[in-house]
Every structure is written in C-alpha cells, then in structure tokens.
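The values are calculated or read from the model by the stated rules, or taken from the named source; none is laboratory data. Predicted model, so just to flag it, every value in this text is computed and none were measured. Heads up, the Cβs are rebuilt from the backbone with ideal geometry, glycines too, and the neighbour counts pull from every protein chain shown. Ligands, DNA and RNA are stripped out before the accessible areas are found, and what is left, the full protein with its side chains, is counted by its heavy atoms. Shrake-Rupley method; radii C 1.70, N 1.55, O 1.52, S 1.80 Å.
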Amino acid sequence: MTPRARVVAGVIVIVVGGGLLVAALVAALRSDDDAPSAAAELQRLFVGAGAADAPFRGLTEARVGVGGDCLRVVIADTPEERSRGLMDRRDLGPYGGMVFVSQAEVADAFTMSGTFVPLDIAWFRTGGTRGDDAQMVPCRGTVAQCPRYTPRTRWRFALETLHGDLPSGDLAPCA
C-alpha cells in the first residue's frame, strides 16, 4: 500500500470511527424525556383526570404506573393545589399518593410544613423518567422554618406517597 493510500485509509477510519462515536454519544444521552409520545401520554392522562372521591373532593384523580405498580392518585395541577399538597392530612383514603403536575420542568423544592405523616417523594422528568427521590419527615414549623427537599434534577411530575409505599421505577400510564 502506498503512503498516500495509507493516509486515505487512516482518514476513513478516523471519520467512520468519529461518526460511530458521535452516534453512540447521542444514543447514550437520549432519554425518555426526548420521547414526545411518552410526554404526550402522561399529559393526556392528567388532563383527562376524573373527579376525586373523599377525602379529596374538588380535586381530580387518575391511575398512574410506577415501575410495575398501578396507583390510584390524586392530581395537584394548579398552583394552589400544589402549594397545599398533603398538608393537614393524616391519611390518603383510597389513594396511593398525590401527583404534582407542573406545566414545564422546574427545580421547585418541597417542604413538610403542616404535614402530619412521613412521606416519600419521587421527581420525574417530562417523559416520566425518574430523576430523584427522598424520604420526608413532618415539620410543625412554618414553610420558612422547615427543611426543603430539593431534587437533584428538574422535574415535571412529583409523586408523594405515605412513607414506605413509593414504588421504584419510572412514571407511565398504567399497563
């Protein structure tokens, strides 16, 4: 092989190898958050929610999948509902938790001010990919006095359950 042919072959190997590397990086960085169908399915699920039963009259409910579990949940999708959350509640009645729905991904923190029972929380990205979770303890102080639970990632959906009831896995419509 001539020196020129070796150089051309080397350039081809570099270009093809670089292209494969770029393709691998794009695939690795792509997550469910890039999948518009998953985001659209979740949005339809929460927008199409029906009226909730006691003790959450005036709110809406839906069934959501987390990992392999299907949970009946209450939806908090207005600023007022998200602000109140599960404050002043001792039980969830027939519900497995409360899903907080934001219009876009946010970095908002949660507090347990005025909450009587320990809760677990998981934060999910737009496509339902789980970003972070925490165990939260009740706090009798004001919002300013209580610890803030801040996720490591931005979130569009947050699920609070009674302590010990939070399934592992991503958020999706029930199978």
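Of note:
- Gain in span if fully extended, Ser168 to Ala144, counting 0.36 nm per residue against the direct Cα distance: 5.6 nm
- Ordering of 85-92, 123-130 by burial proxy (mean other Cβ atoms within 10 Å per residue, highest first): 123-130, 85-92
- Inter-label distance, nm, simple model (7 Å from Cα along the C-beta direction), Glu41/Ala107: 3.0
- Alpha carbon centroid spacing (whole Å) that separates segment 41-105 from segment 118-157: 15
- Expressed as a whole percent, the proportion of Cα-Cα pairs in segment 52-175 lying more than 17 Å apart is 53%.
- Charge context of Glu61, other residues only, Cβ under 10 angstrom, K/R +1, D/E -1: +1
- Ordered from highest to lowest accessible area with the whole protein assembly present and a 1.4 Å probe, Val117, Val47 read as Val47, Val117.
- Where a label projected 7 Å from the Cα of Ala175 along Cα→Cβ would reach, residues of segment 69-103 with amide N under 17 Å: 69-72
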